[in-house]
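The values are calculated or read from the model by the stated rules, or taken from the named source; none is laboratory data. None of these values were measured; they are calculated from a predicted model. Glycine also receives a Cβ, built like all others from the backbone with ideal geometry; neighbour counts cover every protein chain displayed. Just so you know, the surface numbers come from the protein's heavy atoms only, side chains and all, with ligands and any DNA or RNA stripped out. Shrake-Rupley method; radii C 1.70, N 1.55, O 1.52, S 1.80 Å.
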Amino acid sequence: MRKQFAIIGLGRFGSSICKELYHMGHEVFAIDTDEKKVEAVRGLATQTFVGNGTDENLLEQIGIRNFDHVIIAIGDDIQASILTTLHIKDHNVPNVWVKAQNDYHHKVLEKIGADRIFHPEKEMGSRIAAYLTSDTVLDY
Ligand code: ATP
């Protein structure tokens, strides 16, 4: 079934999720403050916007409340990540998934109702360590 996703923050993590979902046939809105990041996903998302995730007018304009899923992949600007999450939860989006920068960021995101919190580098590191030590790899 075709779902509606919005991705806010188009660094390596956000842009790769954006491209994958779009290739899978989903509707994907992609947003970043940096015009170059937005340009890089043009044609690889349903609609693109240069804008700030903390901007309530922009969120209203794109109809954020109608999305099934919003992924917030803002990195270093923890304040912007938290504020964006708050605004989007205020619009009752059922699935708000957020990239956390550190454990303090994680705790705040949990408190304000983020539905899933990622630590991509940490999670990938654990996965690779598990894979490297699995029987499958030893047998290979
Ligand atoms: P990655 O590892 O995914 O490349 P990163 O952890 O290095 O990301 P940043 O590069 O700091 O994180 O941020 C990711 C993206 O979020 C950047 O493209 C940045 O322009 C964008 N971004 C930062 N603040 C905002 C904001 N308030 N609204 C929308 N996008 C933002």
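Against the chain, whose longest principal axis comes from its Cα atoms, helix 120-132 is set at around 20 degrees.
Entry note: the chain has Rg to Rh equal to 1.02, where both radii use alpha-carbon atoms and Rh is the Kirkwood radius. With both labels modelled 7 Å from their Cα along Cα-to-Cβ, the Val50 to Asp90 distance reads 2.6 nm. Sites listed here are trypsin sites (Lys or Arg not before Pro) in the stretch 60-140 whose DSSP assignment is loop and whose Cβ has at most 12 other Cβ atoms within 10 Å, and the list is empty.
For Ile128 and Met1, the FRET efficiency from 1/(1 + (r/R0)^6), where r spans their Cβ atoms and R0 equals 41 Å, is about 0.80. In the chain, helices alone account for a calculated mean residue ellipticity at 222 nm of -13000 deg cm²/dmol, with every DSSP H run of four or more residues adding -39,500 (n - 2.57). Applied to the stretch 16-22, the Karplus parametrisation 6.51 cos²θ - 1.76 cosθ + 1.60 on θ = phi - 60° returns per-residue 3J(HN,Hα) values of 6, 5, 4, 5, 4, 4, 5 Hz, with x for Gly and Pro.
Expressed as a whole percentage, what fraction of the accessible surface of the stretch 69-140 belongs to carbon and sulfur atoms when a 1.4 Å probe is rolled over the protein heavy atoms? Ligands and nucleic acids excluded, carbon and sulfur reach 56 percent. For the stretch 1-93, the relative contact order works out to 31 percent when only alpha carbon pairs closer than 8 Å and six or more residues apart are counted.
Counting only lysines at least 8 places from Lys111 when in the same chain, those with an alpha carbon closer than 26 Å to its own are Lys89, Lys99, Lys122.
In the context of the full set of protein chains, the chain has a per residue accessible area of 60 Å² (1.4 Å probe).
Net charge dipole, the chain: roughly 180 debye, given to the nearest 20, about the Cα centre with Cβ charges of +1 for Lys and Arg and -1 for Asp and Glu. Dipole magnitude for the stretch 76-140: computed about the Cα centre from +1 point charges on Lys and Arg Cβ and -1 point charges on Asp and Glu Cβ, it is near 220 debye.
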